[in-house]
1. What is the chain's relative contact order, in percent, from Cα pairs under 8 angstrom and six or more apart in sequence?
2. Could you give the dipole magnitude of segment 78-168 about its Cα centre, charging the beta-carbon of Lys and Arg +1 and that of Asp and Glu -1, in debye to the nearest 20?
3. Determine the dipole magnitude for the chain: charges of +1 sit on the beta-carbon of Lys and Arg, -1 on that of Asp and Glu, nothing else is charged, the reference point is the Cα centre, and the result goes in debye to the nearest 20.
4. Using a 1.4 angstrom probe and counting only protein chains, how large is the accessible area of T159 in Å², to 10?
5. Just to verify a number: what accessible area does V25 come out at with the full protein assembly present, 1.4 Å probe, Å² rounded to tens?
6. Let a ≥ b ≥ c be the square roots of the eigenvalues of the Cα gyration tensor of segment 74-142; is it rounded (a/c under 1.5), or, if not, prolate (a/b larger than b/c) or oblate?
7. Mean Kyte-Doolittle hydropathy of -1.0 or higher plus an axial Cα length of 27 Å or more: which whole DSSP H helices in the chain meet both?
8. Sort L111, L48 by heavy-atom solvent-accessible area, probe 1.4 angstrom, most to least.
Amino acid sequence: LAMLAIATSRGAGGLVLAQVTDAVVASIFLTLIALGLFVVFGVMNFSLYSAVDRIGLALAVTLELLGPLAITIVAGRHLADYACAALVAVGVVILTAPGPSSDLVGIGRALLAAACWAIYISLNRTLGIRFDGVRGASAAATLSCVVWVPIGVVVLIRTTPSLSVIGY
């Protein structure tokens with residue numbers, strides 16, 4: 001904004017400079033948010049799948065849903081919102097049945113996935129507010145493809161998946 005004020009005081013040539021500067025700032029912001037989405041999405045999936053391996057699908061996904069629930073609680077404005085959140089918290093404690101034999105690493109990984117999901121929702125909201133249409137989400141998806149498709153091709157070449165992997 002300071003650059004905009006300086007540039008507009010210099011006339012039409014300065015206005016063009018301000019528009020270019022705003023475009024560059026918007027591009028850098030979009031790149032950083034897309035990179036953040038890429039990292040958060042990768043950590044979320046890795047931690048969820050490793051939690052599933054340790055504590056099972058049902059418990060891992062139940063704990064992961066605490067991420068969106070946290071967003072709902074933060075945005076909540078009514079007593080009923082907080083009462084429902086308290087009931088969910090009680091249910092989660094009952095489901096995890098914390099005790100000496102609990103797999104705390106698996107629970108921790110699922111909670112990491114929950115935190116990543118909450119961050120992912122917040123970053124997507126920021127993109128939606130800042131950029132029109134699907135520009136931000138498409139930038140994050142493109143970055144994911146550029147990074148993960150080559151890795152997937154290497155894994156596919158090095159391993160021979162069975163037919164059960166594709167549903168047969």
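The values are calculated or read from the model by the stated rules, or taken from the named source; none is laboratory data. What you see is a predicted model, and the numbers here were worked out from it, not measured in a lab. We place every Cβ from the backbone using ideal geometry, glycine too, and count neighbours over all the protein chains shown. Keep in mind that these areas ignore ligands, DNA and RNA; they rest on the heavy atoms of the full protein, side chains included. Shrake-Rupley method; radii C 1.70, N 1.55, O 1.52, S 1.80 Å.
1. Numbers: 134 pairs, mean separation 52.0, N = 168.
This gives 31 percent for the chain.
2. Values: 5 positive and 3 negative charges, 55 e Å.
That gives segment 78-168 a dipole magnitude of about 260 debye.
3. On the way: 8 positive and 6 negative charges, 52 e Å.
It comes to approximately 260 debye.
4. 70 Å²
5. Looks like 80 Å² after rounding.
6. Values: a/c = 5.08, a/b = 1.62, b/c = 3.14.
Cα axes put segment 74-142 in the oblate bin.
7. Numbers: long enough: 12-55 (63 Å, 1.65); 104-130 (38 Å, 1.14); 135-158 (35 Å, 1.54).
Span-like helices here: 12-55, 104-130, 135-158.
8. Details: L111 80, L48 20 Å².
Putting L111, L48 in descending order of accessible area: L111, L48.
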